[in-house]
Each structure stands twice: as structure tokens, then as C-alpha cells.
Amino acid sequence: MDTLHIQRLDPERPPLRIHIVFDAPECVAHPDTPSLRNAAEGLRQRGHRLELIHVRLASGPGEGQPLGRYAKFKRILQLRRLLIAHWSRQRPDLVHIDTQGPLGWAALQAAAKLRIPASASFPGEYATVPLGLLHKPLAAELRKFFTRVRATLVTGQAASESLRHAGLRNLHVLHPGPDLGGIEQALRSAMR
């Protein structure tokens, strides 16, 4: 009697569900910041499922003014609650954070609470300046943020060495331009 031989051929690497958190679309990223938002279409063409998340700013009195400490803290808590609710319903494989503002901190906290791996892009405007030379509170905040992610994407070897010397780990050096292979490798390493 004949038998069936069934061989399943899955992709070498399964596609990822990546949620990319970034500042409002009208905010222009520094050209040396490895932004996944800019590489999203290429990642989608490689079969990954992406969701782009940003805050739709409400218009009203006082909008656009810098936030005081209490207002910033309150906003982070509100955004964190919204992200936890969303990711509890639609859990991603990975959260990538392209902002270190209130939304970025909220995303980092929400991902940690739900045990979702997180990666982030190091801002290009600070990548070439040693962290020790930055204003102390800013350097401390950047160090605190980037020690909590599993992978930090940075453009250029010199910037990577400077950050490694400042104590940051899990750095992934990307080449300027759309380095889809490097980005995909960094994101997969964040999931391990």
C-alpha cells in the first residue's frame, strides 16, 4: 500500500510581529539615528508584520509647551496604560522604540511589564558624543533607558565604541542607509 510522505517547508526564519514606537510623524529624526520607521517598508516586503505606533497630539491651550516633571510622569503612566491594554490584545514578538520621550519610556515600561522583548535606536545627535561629556542628567537618563533594552541600534563603529566605553551593551552597528539585513539580525538577537 502507498503511503504519503509529507515534508513541510517553512521559511528559514519565520516573520516577526514588530511594533515600532516613534514620535509624531511630523518630527524629523536625526539623519544618523537608525530609524526603523524609515526601514518599515523594506521589512514589510521581507514578510514581517509591522505596526507603527505614535501619539496623536491633542490641540488645545498649552499644547507644544515643555512638560514639567509631574506632567511628564503623568503622561508616561497614561501612555503605559494604553500600550499595556493594546499589547495585551495584540501581542507583538518585539517592540522597537525610536523615541526616548514620554512615549518611549511608556513603551519600555509596558514591554517590560508584559515581558515583550524591546530594542531601541540610539539617537544620532548623541551617538558621537561620549556620554560622560553630556549634561549629567541627560547622560544618566540615556544610560538608564538603553541598559533596559535587549538590543540598541547605532549607526557607525565609532559611535558604538564610544557607547561601549560608557557601559552600554548589546550594541548593533548599522551602516548608514537602509541596512535591512543588519536591522533584521539585530531585531532577532533582541528576541533571544
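The values are calculated or read from the model by the stated rules, or taken from the named source; none is laboratory data. Everything quoted here is computed from the prediction, not taken from an experiment. Virtual Cβ from ideal backbone geometry, glycine too; neighbours counted across all protein chains shown.
Might you check whether a residue that is at pLDDT 70 or above, crowded, with 18+ Cβ neighbours inside 10 Å, assigned to a loop (DSSP other than H, G, I, E, B) and in contact with an Asp or Glu (Cβ under 7 Å, 6 or more places away or on another chain) occurs anywhere in the stretch 40-50?
Checked the stretch 40-50: no residue is at pLDDT 70 or above, crowded, with 18+ Cβ neighbours inside 10 Å, assigned to a loop (DSSP other than H, G, I, E, B) and in contact with an Asp or Glu (Cβ under 7 Å, 6 or more places away or on another chain).
Residue-wise test of (1) within 16 Å of Ile20 (Cα to Cα); (2) modelled with pLDDT under 95; (3) surrounded by 14 or more Cβ atoms within 10 Å (Cβ to Cβ).
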site: Ile84; (1), (2), (3): yes, no, yes
site: Asp93; (1), (2), (3): yes, no, yes
site: Gln100; (1), (2), (3): yes, yes, yes
site: Leu131; (1), (2), (3): no, yes, yes
site: Lys136; (1), (2), (3): no, yes, no
site: Glu141; (1), (2), (3): no, yes, yes
site: Lys144; (1), (2), (3): no, yes, no
site: Ser160; (1), (2), (3): no, yes, yes
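Looking at the stretch 14-36 only, could you name the residues that are modelled with pLDDT of 75 or more and not β-branched (Val, Ile, Thr)?
Pro14, Pro15, Leu16, Arg17, His19, Phe22, Asp23, Leu36
Within the stretch 146-158, work out how many residues are modelled with pLDDT of 85 or more and among the hydroxyl-bearing types (Ser, Thr, Tyr).
Of the residues in that region, 2 qualify.
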